[in-house]
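Notes for the one structure printed next.
Readers should treat all values here as calculations from the given coordinates under stated rules, not as data from a laboratory. Note that the coordinates shown come from a computational prediction; the quantities given were computed from them, not determined experimentally. Note that we place each Cβ from the backbone using ideal geometry, even for glycine, and neighbour counts take in every protein chain shown.
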Amino acid sequence: MALLVLEDGTTFRGENFGAAGTEVGEIVFNTSMAGYQEVLTDPSYYGQIVAMTCPLIGNYGVTAEDDESRRPWVKGFVIEELSAAPSSWRSERPLAEWLAEHGIVGLQGVDTRALTRHLRDKGAMKACLTSDERVTVEQARALATAGDGVAGMDFVKLVTTPEAYDWDPEGTRSLDWAPGQAADAPAAAGLPPVRHRIVAYDFGLKINQLRLLRRHGFGVRVVPATTTAEEVLALDPDGVFLSNGPGDPAALDYAHKAVNGLIGKKPVFGICLGHQILGHAFGGKTFKLKFGHRGGNQPVKDLATGKVEITSQNHGFAVDPATLPPEVEVSHVNLNDGTVEGLRHRELPVFSVQYHPEASPGPHDAERFFARFAEVIERGRT
C-alpha cells in the first residue's frame, strides 16, 4: 500500500511501483496520451509529482532513444494502471524497473480522473507521496504542508549543465566553434550545412530542441544558465536561444539581467521558461496559473494570421500582458484561458512562445519556429 496525500488533506491510496520512499513536491497532471518517458525526463518537471490522465501507462516500455535529458527529474509519478507486459519492438526495459533504478517513487491504482478534477477545482498544490506504511495520513499531510512548492523557487541551477559544450548529433560534442566563424560550415552526414552559430541557454533544455536546431542549420554551443551577457557576446554568436526549465521565472534575477543585456545586440528566441524570462527582461512580470498547462493538446491562436495550432505545453506560470512595455506585443494566446502564448518585439529581432515547438511528446504544428528563427537572424527583425 502507498499513499498520496495533498496539503488540503485529500488522500489517494494505491500500490507502489518503481522505487520505494517518501517524496514531497507540487502535484500536477499531464493530459498527454503517450510520451510518458519524455515527460519524466523533461527537466521542467523538477520539484513536481506528475499524474498522467491517460489510464494505462508503461505499455510500450522504455528506450534510451526517447530520453529528453540525462535522467528523470520528477519527484514522483502517479498513474491509474501500470502495464504488466510492455509490448513494443523498441522497448528496452519495463518502466517500473527504469524508475526504480533512478530512485523515482511511483503510485498506481489511483483514480487519476478524480485527482485531475480535484486539481482543476482547487489548483495545483503540494503533496506527499510515500510507500512507507509507517507514515500516517496526518504525517504525510504535515510533510506536504511543510515542503517546498514551486512559487519563489530557483530550480534552474539544479538542472542546468555545469559547463559549456558544443552539441553535435553524431556524439562528438564539437562543432569546431570559433567566435565570428563564417556560416555554411560543412554538413555532418545527413544534415544541412551549419548556416548560423548560436548560443543556447540551458535552463533545463531537452535533447529534441538541440536535434531540431541542428536540422534547421544551427550549430549550437550550450551554456550554463548563469552565463552572463558579456560572456555570450564574447562568443559573437549569430543568435541566442532560451530554453525551457523548472521553477518560478520571477526567481531568476541573473537570467533576467543576462537576457536584458542581449536584447538589441543579438537575435533572441525563447520557449517556455525562456519566454517567461524574456518577459521579465522586457520589464514585465509573471503570475502562477491555477493548475497550469501540461499536455499535448493545448489550442493556441496566432493573432497575426488567425491560425490555430495544437501545441505541446508544460508550464505553471504565465506572462502578465498588462506589465509589458508598448514596444512588445502579444503574438499568440491560449484559446482555453486567454493567457499569453507568444511575444515579439515590434522593432528588434526578438520573439518567444510559451509552448514547445520541439514537442516530444506532442504535435508538430509549431516546429516551424526553428525555421523562423533562422529567418529572423537573416533579416535582422521579427
> Calculated FRET efficiency, Arg13 and Arg120, Cβ-Cβ r, R0 22 Å, to nearest 0.05?
Replying inline: 0.55
> Relative contact order (percent) for the chain, with alpha-carbon contacts under 8 angstrom and 6 or more residues of separation?
Replying inline: 15 percent
> Antiparallel DSSP bridges in the stretch 231-382: what percent, to the nearest 5?
Replying inline: 75 percent
> With labels modelled as points extended 7 Å from the Cα through the Cβ direction, what inter-label distance (nm, one decimal) is found for Leu303 paired with Asp337?
Replying inline: 1.8 nm
> Taking neighbour counts of Cβ atoms within 10 Å as a proxy for exposure, in what order, fewest first, do Met1, Met153 appear?
Replying inline: Met1, Met153
> Roughly how big is the stretch 156-379's charge dipole about its Cα centre, with Cβ charges of +1 (Lys, Arg) and -1 (Asp, Glu), in debye to the nearest 20?
Replying inline: 340 debye
>> Test of understanding: in a Gaussian network model of the chain with alpha carbons linked when under 10 Å, which of Gly204, Gly58, Gly47 would top the mean-square fluctuation ranking?
In response: Gly58
